[in-house]
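Right, one structure below, let's go through it.
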Amino acid sequence: MKRFRFDQQVGKIIDRYNSVQATISRVMRTPDSVSIGCIHLEAGGIVGYHPATCPQLFLVVNGEGWVRGEGTERIPIQSGQAAFWITGEGHESGSETGMTAIVIEGDGLDPESFMSLLET
């Protein structure tokens with residue numbers, strides 16, 4: 001067995017898109033260009049508004065915060081919930097108290113075929 005790290009201390013600071021208090025730890029990239037990473041948002045952290053370069057699934061695994069798409073409304077999100085953005089869709093995420101999310105990016109993602117939609 002081998003063990004690996006993907007905690008905040010081994011991540012890279014996200015400084016694009018006016019992001020603050022945000023770090024990403026890369027987990028893997030598959031041969032068909034699906035990328036998996038772990039985003040760590042500290043209290044007050046934001047991954048700034050930018051277009052999705054491909055379909056992106058944002059799975060919150062710890063804490064709580066907010067996400068938004070192309071509108072201005074910040075939608076609350078918490079551990080056990082996910083957001084999905086399509087290619088080209090503007091999006092942003094943040095947290096007042098801290099949040100950790102696994103991010104999966106790549107063509108062909110279809111979370112509706114496996115996951116339950118969140119009732120609003």
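Restricting to segment 29-43, name every residue that is exposed (fewer than 12 other Cβ atoms within 10 Å of the Cβ) and at negative phi. Let's see the steps before the verdict.
Residues of segment 29-43 that are exposed (fewer than 12 other Cβ atoms within 10 Å of the Cβ), as a first pass: 30-33.
Thr30, Pro31, Asp32, listed by residue number.
So Ile46 passes all but one of these: (1) surrounded by fewer than 13 Cβ atoms within 10 Å (Cβ to Cβ); (2) in contact with an Asp or Glu (Cβ under 8 Å, 6 or more places away or on another chain); (3) not polar (S, T, N, Q). Which condition number does it fail?
With respect to (1) surrounded by fewer than 13 Cβ atoms within 10 Å (Cβ to Cβ); (2) in contact with an Asp or Glu (Cβ under 8 Å, 6 or more places away or on another chain); (3) not polar (S, T, N, Q), Ile46 is out only on (1).
Just wondering, is there one or more residues in segment 90-102 that are part of a loop (DSSP other than H, G, I, E, B), touching a strand residue (DSSP E or B) at 6+ places or on another chain (Cβ under 7 Å) and either among the acidic types (Asp, Glu) or within 26 Å of Ser33 (Cβ to Cβ) (or both)? Lay out the reasoning, then the answer.
Residues of segment 90-102 part of a loop (DSSP other than H, G, I, E, B): 96-98.
Still in the list and also touching a strand residue (DSSP E or B) at 6+ places or on another chain (Cβ under 7 Å): 96-98.
Those still in the list that are either among the acidic types (Asp, Glu) or within 26 Å of Ser33 (Cβ to Cβ) (or both) too: 96.
Yes, there is a match, as at least one residue in segment 90-102 is part of a loop (DSSP other than H, G, I, E, B), touching a strand residue (DSSP E or B) at 6+ places or on another chain (Cβ under 7 Å) and either among the acidic types (Asp, Glu) or within 26 Å of Ser33 (Cβ to Cβ) (or both).
Name the residue that is modelled with the lowest pLDDT, counting only residues in segment 99-120 that are more than 13 Å from the chain's Cα centre (by Cα) and either closer than 17 Å to Ser19 by Cβ or aliphatic (A, V, I, L, M) (or both).
Leu118
Could you list all residues from segment 98-120 that are surrounded by 10 or more Cβ atoms within 10 Å (Cβ to Cβ) and closer than 21 Å to Arg29 by Cβ? Steps first, answer last, please.
Residues of segment 98-120 that are surrounded by 10 or more Cβ atoms within 10 Å (Cβ to Cβ), as a first pass: 98-107, 109-111, 115, 118.
Within segment 98-120, Thr100, Ala101, Ile102, Val103, Ile104, Glu105, Gly106, Asp107, Leu109, Asp110, Pro111 qualify.
List the residue pairs whose Cβ atoms are under 7 Å apart, where the first residue sits in segment 21-40 and is free of Cβ contacts under 8 Å to residues at least 12 places away in the same chain and more than 16 Å from Val60 (Cβ to Cβ), the second is surrounded by fewer than 19 Cβ atoms within 10 Å (Cβ to Cβ) and among the hydroxyl-bearing types (Ser, Thr, Tyr), and the two are 6 or more positions apart or on different chains.
Arg29/Ser35
Hey, Leu57 hits all of (1) touching a residue at least 24 places away in the same chain (Cβ under 8 Å); (2) of a type outside the set (Gly, Ala, Ser); (3) surrounded by fewer than 16 Cβ atoms within 10 Å (Cβ to Cβ) but one; which does it fall short on?
Condition (3) is where Leu57 drops out.
Give me the residue from segment 21-58 that is assigned to a loop (DSSP other than H, G, I, E, B) and among the hydroxyl-bearing types (Ser, Thr, Tyr) and, out of that set, modelled with the lowest pLDDT.
Going through the qualifying residues, I end up with Ser33.
When you go through Arg5, Arg16, Arg26, Arg74 one by one, which is the residue that is under 14 Å from Met99 (Cβ atoms) and surrounded by fewer than 16 Cβ atoms within 10 Å (Cβ to Cβ)?
Selected residue: Arg74, the only one of Arg5, Arg16, Arg26, Arg74 that is under 14 Å from Met99 (Cβ atoms) and surrounded by fewer than 16 Cβ atoms within 10 Å (Cβ to Cβ).
So Thr87 fits all but one of (1) touching a Pro at 6+ places or on another chain (Cβ under 9 Å); (2) of a type outside the set (Gly, Ala, Ser); (3) within 20 Å of Phe114 (Cα to Cα); (4) not in a loop (DSSP other than H, G, I, E, B); what number is the exception?
Here Thr87 clears every test but (4).
The values are calculated or read from the model by the stated rules, or taken from the named source; none is laboratory data. Predicted model only: the values in this text are computed from it and were never measured. In this analysis, Cβ positions are derived from the backbone assuming ideal geometry, glycine residues included, and neighbour counts consider all displayed protein chains.
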